[in-house]
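Below: one structure, written as structure tokens.
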Amino acid sequence: MPDIDANPSWADQVEDGDDVLPPPTEDFHASTGTKILTEYKFNDDDKKVKVVRTFKIEKRKVSKSIATRKAWKKFGAAEKDAPGPNPSNTIISEDVIIQFVHSKDSQLNDNDEDPLNKIKGQKMVSCRICKGDHWTTKCPYKDSLAPLQESLDEKKKDGDAVDAAPGAPPGGAAAAKAPGGKYVPPNLRDGGNRRGESMMGGRKDESATIRVTNLSEDTREADLQELFKPFGNISRIYLAKDKVTGQSKGFAFINFHRREDAARAIQGISGFGYDHLILNVEWAKPSGTNP
DNA sequence: TATGAGCGT
């Protein structure tokens, strides 16, 4: 084992010897606008080499503070340095272009002015039920006025349909008769006679929805189905996922056919350890009911 | 981190 302290490396020996490098020099030629930098160093073969670099000095605008700083007398450890940057501790690099974010912002703000003013005071939506300044689905009179209006419409349609199909059921005629008319969801068809109720044995309870939170990220709909199936029939499962990445957001909605089953699921699964996490289950609040 | 999406005006 060689003793490192007793035998300094070849690099140290070179530096310790009388092979001392001359200091770098810098010459500026105002006539040509060039700066010549000369420095000395050892190459790979331990030979002393002279490195000459020529810079083209451009005249450029600098801010006042930089210009002032450039005129300062050198001080401290650099007191005895030649004018200009010292190549042993300073590197002149290429220009770096910096784009400031705030300038973009101010531009955007300027552009925003006009469109904002344009739509100012304009009525964007008008409720079909009460003509108010909100979407029809958000209408406060949706439940009270809308069915009234619908039944009025149905009566009008029935009157028209009597000539064409006297024996047909009113609702079916109305739905089948208007091919270019507006869409009526299946649960709202059949007008006021509610024939669907006798078929389904009662309306399904929309409020039998529970929310499951603290799900692990790799939980899938199928897993939830397996987990909640024992409590009763499930009508729908929605697992919240990121639209872009598809990654689970860690919560889900489960729709049961019966509210009692949902209640039992809350009792049974809340606090249930699943995939190293403790599940939290509670009643879901309907979305889109924000004031 | 956490209450879903769709239709339309």
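General remarks:
- Output for segment A:245-261, where each listed residue is surrounded by 15 or more Cβ atoms within 10 Å (Cβ to Cβ) and within 12 Å of DNA strand B (Cβ to nearest atom): A:248, A:250, A:251, A:252, A:253, A:254, A:255, A:256
- Looking across segment A:220-244, the residues that are small (Gly, Ala, Ser) and within 11 Å of DNA strand B (Cβ to nearest atom) come down to A:235, A:240.
- Taken as a whole, the structure places residue A:73 among residues that are loosely packed, with under 10 Cβ neighbours inside 10 Å and at pLDDT 80 or above.
- All of (1) of a type in the set (Asp, Glu); (2) touching a strand residue (DSSP E or B) at 6+ places or on another chain (Cβ under 6 Å); (3) more than 9 Å from DNA strand B (Cβ to nearest atom) hold for residue A:217 with one exception: (3).
- Just one of the listed residues (A:56, A:104, A:61) is in contact with a strand residue (DSSP E or B) (Cβ under 8 Å, 6 or more places away or on another chain) and at pLDDT below 80, and it is A:56.
- Flag for residue A:217 being part of a strand (DSSP E or B) and exposed (fewer than 12 other Cβ atoms within 10 Å of the Cβ): no
- Residue selection: residue A:287 fails the criterion of being hydroxyl-bearing (Ser, Thr, Tyr) and either more than 8 Å from DNA strand B (Cβ to nearest atom) or in a strand (DSSP E or B) (or both).
The values are calculated or read from the model by the stated rules, or taken from the named source; none is laboratory data. All values derive from a computational prediction rather than experimental measurement. Here the Cβ is made from the backbone with ideal geometry for all residues, glycine too, and neighbour counts use every protein chain on show.
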